[in-house]
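To start, the structure itself, in structure tokens.
The values are calculated or read from the model by the stated rules, or taken from the named source; none is laboratory data. Not measured: the values here are computed from a predicted model. Here the Cβ is made from the backbone with ideal geometry for all residues, glycine too, and neighbour counts use every protein chain on show. For the accessible areas, the whole protein counts, side chains as well, though only heavy atoms, and no ligand, DNA or RNA atoms are used. Shrake-Rupley method; radii C 1.70, N 1.55, O 1.52, S 1.80 Å.
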Amino acid sequence: MRTLNTRLLTQFTLVFVTLSFVPTLYFINEVLKLDKVAENHVSQAQTAKLEFSRLELVSVVDKVTKSVRILAENGMLNRALESPTQINYEAVEDFWLLVARSQGVFSQLRLLGADGTELIRVNHQKNSTEVVARSHLQDKSHRDYFAYAKTLESGQLGMFGIDLEYENDKLVEPHQPSLRLIIPLDRSGTRKGYFVANINFESIYQMLAFQDTNVDLPEVVNASGYYVMSSAGNHILGHIATENAEYNVAVQSPKLWRQILLHRNGTVYDNRTWYSFTKAKVKTSAQPIEFILINSVPDSQIKHVVQANNTQLFSLALLVYIATFAISSLFVIWNYNHKKNSMESRIARAAMNGMSAMIITDRHNRIIKINEEFTRISGYTIDQVKGKQPSLFASGKHDQGFYDNMWKILESDGLWEGEVINRRRDGSLITEILRIQTVTDKQGVVQFYVASFVDISHRKELENRLRELSEVDSLSGLSNRRKFDLEMQSVCNRIKRYPDKELACLAIMDIDHFKRINDKYGHDVGDREIRSVAKTLKYHLRETDFLARIGGEEFAVIMPHTSLKEAELVTNRLRSAVQINDDTMVTISVGLTDVCVSMSQSYKRADVALYDSKSSGRNKVTIVSETESSTIA
């Protein structure tokens, strides 16, 4: 007996050592690479975040630059320059108020005279937008950006760079960094003035977050090493705010600054911290501006990653050695007892009785075996399905092309995985994560098909419910802006694909004098008016129309398969219904256009039409079609 035990122990040791040799070499090699792997992991992660931030910064500034040029070329501004009357000035002010509220990135929109005196000014801070009274307009002829503006050529867009906001020659507290875009306004060879847009750089900065959290915001530094924006929220623009002069990357981290001067991007270890940086160049028709984006990771975080990888490697090694121990034991026991059952058959039986529902078919795809989980989920027993094909469970939700593709992949790869909707015995639908695998003989001929699936119906229902909630405006109960954008894009795509068959119209509706209601009666009354208008619009719309609340007091209606003439009748009916509704005390103005292949162009035309409705008396419908030449691009 002792001899037998010794022989089994020796056999077990030889098998265990043999099976463990290669994994042991692998784990030793992985332990030696842990530090380097952690550094590369952190470096790649930070580089990806910085590249995202760089592209976002360049893209946002490019979009803002295009918007500024459009505003400078606007017809209302031209009329105000040619005929500086009170009516023309107020028209520009109203339009700029709408732009500042909707865009969210402009802190100031100004018209300066040729002598540097402010003629029109609109301020926007967070949720507050106002027109500056004539008595509070200032003389900016002594400011350095005005001197720069005078050097610009006719029609040239100049970017003055990052500066701090001043009011009456005093720095605004707390500091508000802004990017000034300037376009000279020349008419008939004479300089009439300048259009100046102050871009709230902090609002642009918030768009640079990799995952919409302040944790992912990079440090933004100018070419001199001073902080333009910082996740800490202070110590910025030391070259302007003298109290922050000491906060400069060149002073705080000379090693990092040397690498920044030499390279366009990279990673540097300095002061027990890993720094990753990249340069972003913002271009206009004038001199480009270069920013440096910097992310930092403390050395402790690298060590944390190393420790986490070490723990993961140790867990993996433990599992491997446990598995090796088990395999060695099973081999010795199998060899000792000369069992007929192979390890594969044991694993197969365990899998057959596992958590997944399973079904096995023969080479002709006829069912030969199912497990208990399959019966529990589908309601079918083996007697009810044996000899039949799995098409018995088809729900009709997938076309023939879906199944043709499934069989094509099975024949080429021997494995197919995907999401399928089938039908239970009681007729209810079930959503499954399905895996089908072929079992072949030594010649590669298919003998069986083994399918396993997991019921994810409840999860899909929850996902659909959450998706519906994310697309509904909580105040009005209508679709929100996100759902509107998806629907609008879908309509534009159909028009692009079928330009001669598809037509649709877009109407943007705004409650007239809504601010007065909020100011006079309070926001609870304003909210009630919004709900009442939404209810009226929804009741009088056609079944095929799509209604959404896209702003505070703004609604949008997409009317598919509708011409402009028909859409005008529909929108006038809606406008009248709101006006005569006893539950409301408001009217609405409507901007109407036909939808083209560009979602943004269609929306802009409707917005311009809405503005014309409001500026020409309100409570009316104005149409701006795609063919009209006097639109804002």
Worksheet, complete the sentence: Of the candidates 148, 282, 83, the farthest towards the positive dipole end of the chain (Lys/Arg Cβ +1, Asp/Glu Cβ -1, centred on the Cα centre) is 282
Practice prompt. Provide the per-residue ³J(HN,Hα) series for region 590-597, in order, calculated from phi with Karplus coefficients 6.51, -1.76, 1.60 and θ = phi - 60°, each as a whole number of Hz, with x at glycine and proline positions.
Written response: 10, x, 10, 8, 8, 7, 10, 6
Worksheet entry | Given charges at Cβ of Lys, Arg, Asp, Glu: the chain dipole, positive-most of 188, 46, 74 | 46
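Based on a Kirkwood Rh over C-alpha pairs, give the Stokes-Einstein translational diffusion coefficient of region 527-597 at 20 °C and viscosity 1.002 mPa s in µm²/s.
Value of D from the Cα-based Kirkwood radius: 170 µm²/s.
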Practice prompt. Would you tell me the accessible area of residue 145, worked out with a 1.4 angstrom probe on the heavy atoms of the protein chains, in Å² to the nearest 10?
Written response: 0
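What net charge do the residues around residue 49 carry, taking every other residue with its C-beta under 11 Å from that of residue 49, with Lys and Arg at +1 and Asp and Glu at -1?
Values: positive: 54; negative: 51, 56, 216.
After counting each charged neighbour, the total is -2.
Tally up the carbon and sulfur contribution to the accessible surface of the chain as a whole percent, 1.4 Å probe, everything protein left in place.
Carbon and sulfur together cover 53 percent of it.
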Worksheet entry | 182, 580, 368, ranked by accessible area, largest first (probe 1.4 Å) | 580, 368, 182
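Tell me the relative contact order for the chain as a rounded percent, counting alpha carbon contacts under 8 Å between residues six or more apart. Write out the running numbers ahead of the final one.
Numbers: 1000 pairs, mean separation 52.8, N = 633.
Relative contact order of the chain: 8 percent.
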Response to the item:
The simple spin-label model distance between residue 58 and residue 41, using points 7 Å out along Cα→Cβ, in nm, is 3.0
Worksheet item: What list of ³J(HN,Hα) values in whole Hz, one per residue of region 383-394 in order, does the Karplus curve 6.51 cos²θ - 1.76 cosθ + 1.60 (θ = phi - 60°) give from phi, with Gly and Pro shown as x?
Response: 5, 7, 10, 4, x, 9, 9, x, 4, 4, 9, 4
Response to the item:
Expressed per residue, the solvent accessible area of the chain in Å² (1.4 Å probe) is about 55
Fill in: For the chain, with +1 on Lys and Arg beta carbons and -1 on Asp and Glu, the positive-most of 381, 103, 472 along the dipole
381
Worksheet entry | residue 402 accessible area, 1.4 Å probe, all protein chains in place, Å² to nearest 10 | 60
Worksheet item: Around residue 155, which amide H atoms from residues at least 5 apart in sequence, or from another chain, sit under 5 Å from its own amide H, with H modelled in the peptide plane?
Response: 186
Practice prompt. Ignoring everything but the protein chains, give the 1.4 Å probe accessible area of residue 37 in square angstrom, nearest 10.
Written response: 70
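Sorting 66, 283 by accessible area (1.4 Å probe), largest first, what list results? Don't skip to the answer; put the middle values down first.
Values: 66 125, 283 150 Å².
The ranking, largest first, comes out as 283, 66.
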Fill in: Cα pair distances of the chain binned at 10 Å [whole percent]
3, 11, 15, 16, 17, 14, 11, 7, 4, 1, 0, 0
Worksheet item: Could you give the nm distance between label points at residue 626 and residue 475, where each point is 7 Å from its Cα heading toward the beta carbon?
Response: 3.3
Response to the item:
residue 463 and residue 85 label points (each 7 Å along its Cα→Cβ direction) are spaced in nm at 6.1
Fill in: Count of Lys pairs (Cα-Cα under 24 Å; at least 8 positions apart or interchain) in region 487-571
6
Worksheet entry | Relative counts (whole %) of C-alpha pair distances in region 1-102, using bins that are 10 Å wide | 11, 17, 13, 11, 10, 9, 8, 7, 6, 5, 3, 0
Fill in: lysines whose Cα lies under 18 Å from that of residue 66, excluding same-chain neighbours fewer than 8 positions away
281, 283, 604
Worksheet item: Under 22 Å from the Cα of residue 397, which lysines turn up, not counting those fewer than eight places away in the same chain?
Response: 388, 408, 460
